[in-house]
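Q: For reference, the structure I am asking about is given below.
The values are calculated or read from the model by the stated rules, or taken from the named source; none is laboratory data. Quick caveat, the model's predicted, so the values are computed rather than measured. Note that we place each Cβ from the backbone using ideal geometry, even for glycine, and neighbour counts take in every protein chain shown.
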Amino acid sequence: MNNLDLSLKAYAEACAARGWRGLVCIEGPGGRVDALCHSLEPDLVWTGSAPPDGVSVLDRNASRTALGSSCGHVVIDWRQHADADLMGRAGGMLRAGGLLVLLMPPRGHPSRFIGRVRLFAEREPWVLHVRPGKISGGALPSGVSDVQMEHRNTLLEQSEAVQGLCACAEEGVPGILLAPRGRGKSAALGMLAERLLRQGVAGRVVVSAPSRRSLESFFRHGGTVAGCEFLPPDALPDQFSEDTWLMLDEAAALGAARLRRLIESTPRLLMATTTEGYEGSGRGFLLRQLGWLKRQYPQHRVLRLERPMRWAADDPLEDWLNRLLCLRTPEWRQGESAARPIRPATAEHGLLDRDRLARDEALLQEVFALLVSAHYRTRPADLAFLLDAQDVEVHVLREAGRIVAVALTQREAGLPNDLAQAIYRGERRPPGRLLAQSLAAHVGLPEAACLDQLRIVRIAVLPERQRQGLGKRLVQACIERAEALGLSMLGAAFAHEPGIERFWRQCGLAPVHLGLRPERSTGQPSLLLVRGLDEQGRRLAEEATVLMGRRFRALAEKGLIQLPKGLELPTGSVPEQRLATERMAYVQGRRGFELALHALQPEVQARKPLPEPLATLWRLRVEEGLDWPEVARQAGLRGKRAARAVMREGLKTLLEKSRSYP
């Protein structure tokens, strides 16, 4: 056994004796990684690129559903790329005695976020540092925690929460269980489900969560009893019978609109959500949903779990991660009294230097807390974006030295024409440049993606300062900045709400695309808005708005999409060449049916009656408005993919005969 093996084992044992989790930062050559993994096996999970052979791997996609699961040790390989979300997820998975191991890039790495992690780790004596030829730190207090007593107190708190939730449902009032990570809320729901079904109080219990995997603890603690059923969020009906109890674990992940509909229509509803978790939506729940519940259901009851289940109450890793990743919502966000109004003209605009932001912890906390307050989901990755993303600027409005509004913008250089065309055809999806990619892929204007643009990524105004013109003042400052940089277009994309759309229209932006499906985090479709800043930008922005009106009017008239309340669709004519290009992209398999319907419909109407099986497919999908799985079933085809393929081939043959595309 080498020195590293001995140090890690001794450190892990000391952490386990106190009920703590440990943090190990490793710098230097990769040769020691294999030895590291062997010393921590078998209860080890690896995240990042190039894992050693035989080690369990948790990739980014799988980690999104890891909330509620647990493991012994996690290695995070940051030598190539730092994923802040993965760090938050990994910390929540560890049990007492487990080690969070960070493989760090060399010193001098340009990432401000990596620098922040290194600084935070070097301040703590309990963190173990492994450098070439040197192992230091790892100083834990002497003594052993009374782990059994802590566990008994935790179980007592959990039992009281189960009793409280049961009383809520019996009284027919919404019950909400709130807890930071690792408090056993999923287990509490599982215990309650078993009690309700065994005692005959409930005829059926339906539990829902972002994934079945995240309910591992729920099923282990009683959720396997007969009468308990899992349904994914998108399979939940709008109403439940009186004898059915609905349990929503990680309720915040359902999105505001969907969650409110379920609260209004479900007589026996119990919810649980993580309030300081890596997924970010729990803080949005605190900021928005609880206020709505207080107004609509003043009799609702909030229960809390404070004692950790998988580690000791004085575990230092939890506080370290919360401070590092800004996971705690400041107290002023939950009820600061309103102050005197501000005239927008008195608020001073400025740009924050991000190097200074990284050095000034109070300033960073002030800016990030303001961003959290205005958005339903804010994750650790958003902190890393704020510090490190390329071509990002931080605009602020200050009054008397205090930040009252903030906006993040990102400059997006225009794409080469061949890349823009490839994105339009669905052949390429390069990372970044979200505004340009959406203009090409969704709006259908690849030439607009070639323009230099400014995207407003986020904007926030202090809650007590809202509706005083500060948001418009800040957007105007962003517009002036974009014009000074010689950019052609400014854009923003946000979940659609009537008030938000109205705000952006008042700022001179117009909608150009609406998401075909609701976003999970909000329950609303995303809305893309743009404003042209020079002659070419204004011309393409106007064409984009007309295209959107034509595209979504065609879908709405056939019942293929439900337009958000209050959304106005512009009218106008689209050049025939643009429509022909849309049809060609569709028949070549490079554009979806729904996005191309507005261009296909006039040609199809002019060529009726249609041949079979095209006639049947068109009738089922367009005229009757059935979804693709039902279209496939009634047409006798094997699934929605086959139905789409047969529809595409039939329309291709029809249009080729008439040469209705170039």
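Q: Can you name every residue in the range 448-463 that is of a type in the set (Lys, Arg) and either surrounded by fewer than 24 Cβ atoms within 10 Å (Cβ to Cβ) or more than 20 Å from Phe385 (Cβ to Cβ) (or both)? Can you show your working first?
A: Initially, the range 448-463 is screened for residues of a type in the set (Lys, Arg), giving 455, 458.
Hit for the range 448-463 is Arg458, nothing else.
Q: So, one more: Among the residues of the range 476-513, what is the count of those that are surrounded by 18 or more Cβ atoms within 10 Å (Cβ to Cβ), at pLDDT below 90 and aliphatic (A, V, I, L, M)?
A: Selection size over the range 476-513: 1.
Q: Based on this model, can you work out whether Val74 counts as at pLDDT 75 or above, within 24 Å of Ser217 (Cα to Cα) and in contact with a helix residue (DSSP H, G or I) (Cβ under 6 Å, 6 or more places away or on another chain)? Talk me through it step by step, then tell me what you get.
A: Numbers: at pLDDT 75 or above: yes; within 24 Å of Ser217 (Cα to Cα): yes; in contact with a helix residue (DSSP H, G or I) (Cβ under 6 Å, 6 or more places away or on another chain): yes.
It is true that Val74 is at pLDDT 75 or above, within 24 Å of Ser217 (Cα to Cα) and in contact with a helix residue (DSSP H, G or I) (Cβ under 6 Å, 6 or more places away or on another chain).
Q: Where the second residue is surrounded by 23 or more Cβ atoms within 10 Å (Cβ to Cβ) and of a type in the set (Lys, Arg) and the first is within 10 Å of Val530 (Cβ to Cβ) and lies in the range 488-506, which pairs have Cβ atoms under 6 Å and are six or more apart or on separate chains?
A: Hits for this filter: Gly491/Arg455.
Q: Return the residues of the range 575-625 that are under 24 Å from Glu447 (Cβ atoms) and of a type in the set (Ser, Thr, Tyr); say none if nothing qualifies.
A: Matches in the range 575-625: Thr581, Tyr586.
Q: Can you tell me how many residues within the range 275-313 are at pLDDT 65 or above and among the acidic types (Asp, Glu)?
A: Counting residues in the range 275-313 that are at pLDDT 65 or above and among the acidic types (Asp, Glu) gives 1.
Q: Can you tell me which residues in the range 541-582 are of a type in the set (D, E, K, R) and under 20 Å from Val530 (Cβ atoms)? Even if it seems obvious, please write down each step before you answer.
A: Just the residues of the range 541-582 that are of a type in the set (D, E, K, R), to begin with: 542-543, 550-551, 553, 557-558, 565, 568, 576, 578, 582.
Answer for the range 541-582, where residues must be of a type in the set (D, E, K, R) and under 20 Å from Val530 (Cβ atoms): Glu542, Glu543, Arg550, Arg551, Arg553, Glu568, Arg578, Glu582.
Q: Moving on to the next point. Considering each residue of the range 121-174, count those that are modelled with pLDDT of 85 or more, closer than 24 Å to Val101 by Cβ and of a type outside the set (D, E, K, R), and give that number.
A: Of the residues in the range 121-174, 13 are modelled with pLDDT of 85 or more, closer than 24 Å to Val101 by Cβ and of a type outside the set (D, E, K, R).
Q: If you check Gln466 against the conditions, is it farther than 24 Å from Ala554 by Cβ and either among the polar types (S, T, N, Q) or buried (at least 18 other Cβ atoms within 10 Å of the Cβ) (or both)?
A: On the way: farther than 24 Å from Ala554 by Cβ: yes; either among the polar types (S, T, N, Q) or buried (at least 18 other Cβ atoms within 10 Å of the Cβ) (or both): yes.
So Gln466 passes the test.
Q: So, in the range 233-270, of the ones that are in a loop (DSSP other than H, G, I, E, B) and either touching a strand residue (DSSP E or B) at 6+ places or on another chain (Cβ under 7 Å) or charged (D, E, K, R) (or both), which residue ends up surrounded by the most Cβ atoms within 10 Å (Cβ to Cβ)? Spell out the reasoning first.
A: Of the residues in the range 233-270, the ones in a loop (DSSP other than H, G, I, E, B) are 236-243, 250, 255, 266-268.
With either touching a strand residue (DSSP E or B) at 6+ places or on another chain (Cβ under 7 Å) or charged (D, E, K, R) (or both) added as a condition, the list becomes 236, 238, 240, 242-243, 250, 266, 268.
Values: Leu236: 18, Asp238: 10, Phe240: 18, Glu242: 9, Asp243: 13, Glu250: 26, Thr266: 21, Arg268: 24.
The qualifying residue surrounded by the most Cβ atoms within 10 Å (Cβ to Cβ) is Glu250.
Q: Follow-up. In the range 398-424, which residues are in contact with a helix residue (DSSP H, G or I) (Cβ under 6 Å, 6 or more places away or on another chain) and over 23 Å from Gly486 (Cα atoms)?
A: Filtering the range 398-424 down to residues in contact with a helix residue (DSSP H, G or I) (Cβ under 6 Å, 6 or more places away or on another chain) leaves 403-407, 409, 412, 414-415, 417, 420, 423-424.
Correct list: Ile403, Val404, Ala405, Ile423, Tyr424.
Q: If you take the residues in the range 208-232 that are hydrophobic (A, V, I, L, M, F, W, C) and in a helix (DSSP H, G or I), which one is nearest to Ala187 (Cα to Cα)?
A: If we filter the range 208-232 for residues that are hydrophobic (A, V, I, L, M, F, W, C), which is where we start, we get 209, 215, 218-219, 225-226, 228, 230-231.
Narrowing further to those that are in a helix (DSSP H, G or I): 215, 218-219.
Values: Leu215: 9, Phe218: 5, Phe219: 8 Å.
Within the range 208-232, the match that is nearest to Ala187 (Cα to Cα) is Phe218.
Q: I want to confirm something. Restricting to the range 98-138 and keeping residues that are more than 30 Å from the chain's Cα centre (by Cα) and among the small types (Gly, Ala, Ser), which single residue is nearest to Asp319 (Cα to Cα)? Quick ask: steps written out before the conclusion?
A: To start, the set of residues in the range 98-138 that are more than 30 Å from the chain's Cα centre (by Cα) comprises 106-108, 122-138.
Now narrow it down to the ones that are among the small types (Gly, Ala, Ser): 108, 133, 136-138.
Numbers: Gly108: 26, Gly133: 30, Ser136: 21, Gly137: 18, Gly138: 17 Å.
Restricting to residues being more than 30 Å from the chain's Cα centre (by Cα) and among the small types (Gly, Ala, Ser), the top hit is Gly138.
Q: Another question, if that's okay. Conditions: (1) surrounded by 16 or more Cβ atoms within 10 Å (Cβ to Cβ); (2) not in a helix (DSSP H, G or I). Gly572 meets all but one. Number of the miss?
A: In the conditions (1) surrounded by 16 or more Cβ atoms within 10 Å (Cβ to Cβ); (2) not in a helix (DSSP H, G or I), Gly572 misses (1) alone.
Q: Collect the residues in the range 635-662 that are within 36 Å of the chain's Cα centre (by Cα), assigned to a helix (DSSP H, G or I) and of a type outside the set (Lys, Arg), keeping them in residue-number order. Don't jump to the end; show me each part of the working.
A: First pass over the range 635-662, keeping only residues within 36 Å of the chain's Cα centre (by Cα): 637-648.
Filter again for assigned to a helix (DSSP H, G or I), leaving 640-648.
Listed by number, the residues that qualify are Ala642, Ala643, Ala645, Val646, Met647.
Q: Right, here's the next one. Of the residues Ala202, Ala193, Ala256, Ala251, which is touching a Phe, Trp or Tyr at 6+ places or on another chain (Cβ under 8 Å) and free of Cβ contacts under 8 Å to residues at least 60 places away in the same chain?
A: Working: Ala202 fails: free of Cβ contacts under 8 Å to residues at least 60 places away in the same chain; Ala256 fails: free of Cβ contacts under 8 Å to residues at least 60 places away in the same chain; Ala251 fails: free of Cβ contacts under 8 Å to residues at least 60 places away in the same chain.
Matching residue, one of Ala202, Ala193, Ala256, Ala251: Ala193.
The rows are residues; the columns are (1) touching a residue at least 60 places away in the same chain (Cβ under 8 Å); (2) touching an Asp or Glu at 6+ places or on another chain (Cβ under 9 Å).
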position	(1), (2)
Gly549	no, yes
Leu560	yes, yes
Leu567	yes, yes
Gly572	no, yes
Ala596	no, yes
Glu603	no, no
Arg607	no, no
Leu637	no, no
Arg641	no, no
